[in-house]
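Here the structure is laid out as C-alpha cells; the discussion comes afterwards.
Each reported figure results from applying straightforward, stated rules to the coordinates on display, with no laboratory input. Bear in mind that the values here come from a model prediction, so they are computed numbers and not experimental data.
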Amino acid sequence: MKSAVTPYASVDVEPGLKKIILFEIAFPMILLVLGITMGLLQVLFRAGIIRSQSFLGINYYQGLTLHGAINAIVFTTFFAVAFGHAIIRSHTGKPLLLGAAWWSLILMTGGTLMAAVPMLTGSASVLYTFYPPLKAHPAFYIGLVLLVIGSWIAFFSWIPIVQQWKRENLNTKMPLGVLGIFATFIVWFIATIPVAIEILFLLIPWSLGWTPTVNVPLARMLFWFFGHPLVYFWLLPAYVMYYTMLPKLAGGKLYSDFAGRFTFLWLIAFSAPIGIHHQYTEPAISTTWKFVHAFFTMLVAIPSLVTAFTLAASMEHGSRENGGQGLFGWWKKLPFLDPNRWLFGYLFAGLFIFIFGGITGIVNASYNLDNVVHNTSWMPAHFHQTVAGPVFLAFIGGSLLLLSTLSGKEIVLKRLNVWIPYLWTLGIMTFSTGLFITGVAGEPRRTNLGLSYANPASPLYQPSWRAARVAGTIGGVIMFLTMLLYFVIFFGTLLRKKSSAGALAFPVTTPYHDEDVAAVQSIRPWLVAAVILLIVAYTMPFVELARARYEGAPPYSPASPVASRR
Ligand code: HAS
C-alpha cells in the first residue's frame, strides 16, 4: 500500500466551516490573554515580589486555577478540535458534517463560559487537577463535562467522513495527518471516560450536597487515569504538525512514513495504562502496581525517541536537498529565520525544548528518583518544557497559520513573528532552569512563596534558593513579554483587512521512505492492545482501593486547613 499523495497544498472550504474554525481559534486566544496574565501573577507571587494572599482581588489559588484551566484545558481542547476539523477536511478532501461541528462549538463554548463564572468569582479555586477535598461550585464541573462532550461530538462526526474516504481509496494508506488526528481523539476519548465517572458520580453529587463526603484516593486515581493520557492528547496534534509539516518546511521529505504511523499508534496503546506514575506516593496503591506503571511509562517514551531521530533525519534531508553540507554544517541551511517559512521556527524551537522536557520526564518516571522531585517546583519546570514547550509553540503557531490562511489575511509584523519561538525558548529555558534547581532543593510547587520561602520575614525563608528563584522570575517575565508580542501579531492579523478569499493552506510533506508495514495499517489491533493494557494496569489498583479503609473526606476550607465535619 502506498501513501495517499496529497496533490494540494490549499483547499477551499465551506463558509460555515471557516467561521467555526476561526471562532475556535480566536475565542480561546482571548481567554489565553487572561491565562497568560495569571502566569505572570504566579511568577510574582513565587518570586516574593507580591507578599499577600491575593493581588488586585485575585487569590493565589484562584489565579493558579485560571492559569492551568485556561492554558492547559480550554486552549488546548479548542485548538485540537479546530485543527482536527482542518486536517480531516483538507487531507480527505471531503466536506464535514457542519451541523455536528456547530453543536460541538456551542457545547464547548457554553461549557467553558459556565466553568469560567465560578473560577472568576472565586468559588472554584481547585486547580486544574480539581482534587477533592478541594471543592468547586457545581457549575465548574458541569462546564467541564460540556466542554468534553462538545469535543467528542466533533470526533464522532469525523468517523463517517473518514470511513467513506477509505471506501473510495481501497488500496491507499490513511493520510498520516488523519491517522494522527484519530490517534489524538482516541486517546482523548479513552482518557475522558474515567474523569467523566469521577465528575458525574463523585464530584457533582458531593458538590451539590447530595453526598456528605468523597472518596479522595478513588477520585485521584480516576483523575490520573485521565491526566496522563491528557498529556498525549496535547502532544499528538503537535506531532501531527511535526510529521506532516516540518519536513516540508525544512525543504525536504519525511524520512520515514512508518515512524509516523508507529508513533501515533503506539501512543494509542500506551498513553493510558501509566497514570499511577503521578501517584508513586499514594498510600492506597501497592509498590507492585506502581512498578508496573513505571515500566509502561518507559515504553511510552519510545515513540518520542523515534520521533527525535526521524525528525532530525528529515531536517537533515531537507537541508542537504538545499545545499547543506558537512557533518554539522547542514544545520546552517535550515530556515530558522525565514519569514515565509516562519512556522519552521515554532516547530523547531519546540523540539529543542522537548529534549529537556523528555529527559526530565524519564527522571520523573524512575520510581525512586521521583521521590526527590515529586510535588516540588521541578514539576512545573518539567511540564513547562513539555506542554508549554513543543505543544504550546505548535498550537500558537498553528493558530496563527489557520487564522491567516483561512481568513486570507497577511500576518502583521512578519519579521518580529520569526523571533517569537526563540524568545519563548529563552524564557522557558531560563524559567525552568531556576525551577529545576530550587525543586531539587525541596521548594514546593503550588505554594504562595511570597508568604513563606521567599519572604525574609517568614521563619520558612530560604536565602540559598534566591539565585535560582531570580532565574525563574526572569524567565517567567520573558515568557510573558513574548506572549504580549505574539498577541499583538495574532490580534493585529485578526483585525486587519483580508487580501485574498482565504483557504485551508498547509505545508504538506511526502515520505522519503514509504514503507509498507502491515502492523501499522489498521487502528483496530492497537485499540485492542490499549484495552488489554488498561485492564492489566488498572484492575488490581482499583481492587486495592476498594479494599483500603479510608474515611471519606469532607470539604476542605481555606479558612481552616484541617478538614472539619461541620
Ligand atoms: Fe510528564 C508530570 C513522565 C512527557 C506533561 N508531565 C507531568 C505533569 C505534566 C506533564 C503537566 O513519570 C504534571 C502533572 C501535575 O500537575 O502533577 N512525562 C513523563 C515521561 C514523558 C513525559 C516519561 N509530560 C510529557 C509530555 C507532557 C507532559 C509530552 C505534556 C505535553 N511526567 C512524567 C511523570 C510525571 C509527569 C512521571 C509525574 C511526576 C510527579 O511526581 O508528579 C515522556 O513521554 C517523555 C518522552 C520524550 C522524549 C524526548 C524526545 C525528544 C524530542 C526532541 C528531538 C529534538 C530534535 C531537535 C530533533 C524522550 C522528540 C534537535 C535540535 C538540536 C539543536 C539538537
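Principal semi-axes of the equivalent ellipsoid, √(5λ) from the alpha carbon gyration tensor of segment 316-465, are 37, 20, 13 Å from largest down.
Rg over Rh for segment 196-336 works out to 1.19, both radii taken from alpha-carbon positions and Rh defined as the Kirkwood radius.
When you work out D = kT/(6 pi eta Rh) for segment 211-254 at 4 °C and 1.567 mPa s, using the Kirkwood radius from C-alpha pairs as Rh and the Stokes-Einstein form, the result is 98 µm²/s.
With semi-axes defined as the square roots of five times the eigenvalues of the C-alpha gyration tensor, the equivalent ellipsoid of segment 30-79 measures 22, 9, 8 Å, largest first. For segment 23-182, the Kirkwood hydrodynamic radius from C-alpha pairs, put into Stokes-Einstein at 10 °C and a viscosity of 1.306 mPa s, yields a diffusion coefficient of 92 µm² per second. Taking 37 °C and 0.692 mPa s as conditions, segment 117-178 diffuses translationally at an estimated 222 µm²/s according to Stokes-Einstein applied to its Kirkwood radius (Cα pairs).
Kirkwood radius and radius of gyration were both taken over the C-alpha atoms of segment 113-216, and their ratio Rg/Rh is 1.15. Cross-link partners for K166 among the lysines, with Cα-Cα distance under 18 Å and sequence neighbours closer than 8 places in the same chain left out: K2, K94.
From the largest down, segment 431-566 spans 62, 53, 35 angstrom on the principal axes of its Cα atoms. Secondary-structure-derived ellipticity at 222 nm for the chain, considering helices only, amounts to -21000 deg cm²/dmol, per-run term -39500 (n - 2.57) for DSSP H runs with n ≥ 4.
Kirkwood hydrodynamic radius of the chain from all distinct Cα pairs, in Å?
24.3
Projecting the alpha carbon convex hull of segment 385-456 along each direction and taking the average yields 6.8 nm². Helix 257-270 and the longest principal axis of the Cα set of the chain meet at an angle near 20°. Two numbers describe the Cα atoms of segment 254-404: Rg and Dmax, which are 18.2, 59 Å. Exceedance of the 32 Å cut-off in Cα-Cα distance is limited, within the set K18/K333; K173/K290; K333/K409; K248/K498; K18/K248, to K18/K333; K173/K290.
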